Amino acid sequence: MPKPPPSQGALLVRAIALGVCATDREIVSGEYGTAPPGEARLILGHESLGEIESAPSDSGFSQGDLVVGIVRRPDPVPCAACAAGEWDMCQNGRYLERGIKGLNGFGAEWFTLEPKFAIKLERALGHLGVLLEPASILAKAWEQIERIGERSHAWRPQTVLIAGAGPIGLLAAMMGTQAGLQVHVFDHHQSGAKPSLVDALGATYHHRSLAEAIRDVAPDIIIECTGVPSVIAGMLGAAAPDGIVCLTGVSGCGRMFDVDLGRFNRSLVLSNQVIFGTVNANRHHYERAAEALCRADRKLLDRLITRRVPLERWSESLEHRPDDVKVIIEFPQNS
Ligand SMILES: [Zn+2]
């Protein structure tokens, strides 16, 4: 794409890398996403990393800064949540999202960004900054878990069970170990990158049976990162007393499942359990995620990026390979 025309007050950013996730695949297959009004196509990409080429003098940014763009923009009304800067909790659904809903994304050699929606990263983080957007989703999830947990003054969670050892599950595990919890991760892969990454994170890997893992761990917190109905069914009401089940995975619709709702309700009521869903992130969550990435072991973060695809072969980034964790597209840096 050509360099975008100068835009009043905006940062001009040269792309370094772009993370690819299931949302991008959904958009490419036509199941999700909207182009900007009046445009025939949408520039993809919401997991950004770039370097500032030029910045307005009063923006707080300068040339050479590493930045990541916040994905969502508040709705124009705005609703009470968006008005309070909590656009991740938008109530009317009229928000826009770069690379997803009504706004072009960050998957171009150059993009512009409003300083208000840019996050400056420590230089030392380098290309690992591309993990910030997915990490922001987990920073929000963890913050919500903490806030829900405050309903009991005595609740001191010790164990967390995470379903799914993809990028979201592994970043959830990383933040869990940073918080001093005993972290367990369930995934169906028996070998390969995922079990060894979980091990390197200082967490325990389970692959045989979810029911067994729940019984052995008795988790105070469950974080569901797969969106797979059979996994979700196994987790509903399965936390320890006063526990919290956090759902982060998006499922397809139309698959019916037999669930004993009486039993589910009984375990929820009689043990004060909470089940909640969470999506997206606001500025505060990106900042928390940046802190978490800075605290993490760089070599370990680097191992989460399992495949790097050069821009000219971008379409390969959409392929699903068995040992993929995070796949990124790398942009040429000499043009
Ligand atoms: Zn809103």
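The values are calculated or read from the model by the stated rules, or taken from the named source; none is laboratory data. All values derive from a computational prediction rather than experimental measurement. Glycine gets a Cβ as well: all are built from the backbone with ideal geometry, and neighbour counts include every protein chain shown. When the accessible area is computed, the model is the full protein with side chains, heavy atoms only, and any ligands, DNA or RNA have been set aside. Shrake-Rupley method; radii C 1.70, N 1.55, O 1.52, S 1.80 Å.
For segment 287-294, indicate whether the set of residues that are touching a helix residue (DSSP H, G or I) at 6+ places or on another chain (Cβ under 7 Å), closer than 26 Å to Gly192 by Cα and not hydrophobic (A, V, I, L, M, F, W, C) is non-empty.
Looking for residues that are touching a helix residue (DSSP H, G or I) at 6+ places or on another chain (Cβ under 7 Å), closer than 26 Å to Gly192 by Cα and not hydrophobic (A, V, I, L, M, F, W, C), one finds none in segment 287-294, hence no.
Quick check on my filter: what residues within segment 74-100 are open to solvent by less than 40 Å² (accessible area, probe 1.4 Å), more than 10 Å from the ligand (Cβ to nearest atom) and farther than 11 Å from Ile43 by Cα?
Within segment 74-100, Gly85, Glu97 meet the criteria.
May I ask you to say which residue of Pro310, Pro332 is over 28 Å from Arg156 (Cβ atoms), at pLDDT below 95 and not basic (Lys, Arg)?
Sole residue among the options that is over 28 Å from Arg156 (Cβ atoms), at pLDDT below 95 and not basic (Lys, Arg): Pro332.
Being modelled with pLDDT of 95 or more and either outside any loop (DSSP other than H, G, I, E, B) or under 17 Å from the mean Cα position of the chain (by Cα) (or both) narrows it down to one residue among Ala213, Ala240; which is it?
Ala213
Name every residue in segment 193-210 that is under 20 Å from the mean Cα position of the chain (by Cα) and at positive phi, in order of residue number.
Matches in segment 193-210: none.
Take Leu128 and tell me if it is away from the ligand (no atom under 16 Å from the Cβ), touching a Leu at 6+ places or on another chain (Cβ under 7 Å), over 30 Å from Ala40 (Cα atoms) and open to solvent by 10 Å² or more (accessible area, probe 1.4 Å).
Against the criterion (away from the ligand (no atom under 16 Å from the Cβ), touching a Leu at 6+ places or on another chain (Cβ under 7 Å), over 30 Å from Ala40 (Cα atoms) and open to solvent by 10 Å² or more (accessible area, probe 1.4 Å)), Leu128 does not qualify.
Does at least one position in segment 138-152 carry a residue that is surrounded by 15 or more Cβ atoms within 10 Å (Cβ to Cβ), within 30 Å of Asp58 (Cα to Cα) and modelled with pLDDT of 95 or more?
Among the residues of segment 138-152, at least one is surrounded by 15 or more Cβ atoms within 10 Å (Cβ to Cβ), within 30 Å of Asp58 (Cα to Cα) and modelled with pLDDT of 95 or more, which makes the answer yes.
Out of the residues in segment 29-73 meeting the condition of being outside any loop (DSSP other than H, G, I, E, B), acidic (Asp, Glu) and open to solvent by 50 Å² or more (accessible area, probe 1.4 Å), tell me which one is nearest to Leu121 (Cα to Cα).
Of everything passing the filter in segment 29-73, Glu51 is nearest to Leu121 (Cα to Cα).
Does any residue of segment 49-60 turn out to be touching a residue at least 60 places away in the same chain (Cβ under 8 Å) and within 23 Å of Ile137 (Cβ to Cβ)?
Within segment 49-60, one or more residues are touching a residue at least 60 places away in the same chain (Cβ under 8 Å) and within 23 Å of Ile137 (Cβ to Cβ).
Which of the following residues is within 25 Å of the chain's Cα centre (by Cα), within 19 Å of Glu143 (Cα to Cα), in a helix (DSSP H, G or I) and of a type in the set (A, V, I, L, M, F, W, C): Ala290, Ala281, Ala233?
Of Ala290, Ala281, Ala233, the one residue that is within 25 Å of the chain's Cα centre (by Cα), within 19 Å of Glu143 (Cα to Cα), in a helix (DSSP H, G or I) and of a type in the set (A, V, I, L, M, F, W, C) is Ala290.
Has segment 101-115 got at least one residue that is open to solvent by 10 Å² or more (accessible area, probe 1.4 Å), in a helix (DSSP H, G or I) and closer than 16 Å to His285 by Cα?
The answer is no, given that none of the residues of segment 101-115 is open to solvent by 10 Å² or more (accessible area, probe 1.4 Å), in a helix (DSSP H, G or I) and closer than 16 Å to His285 by Cα.
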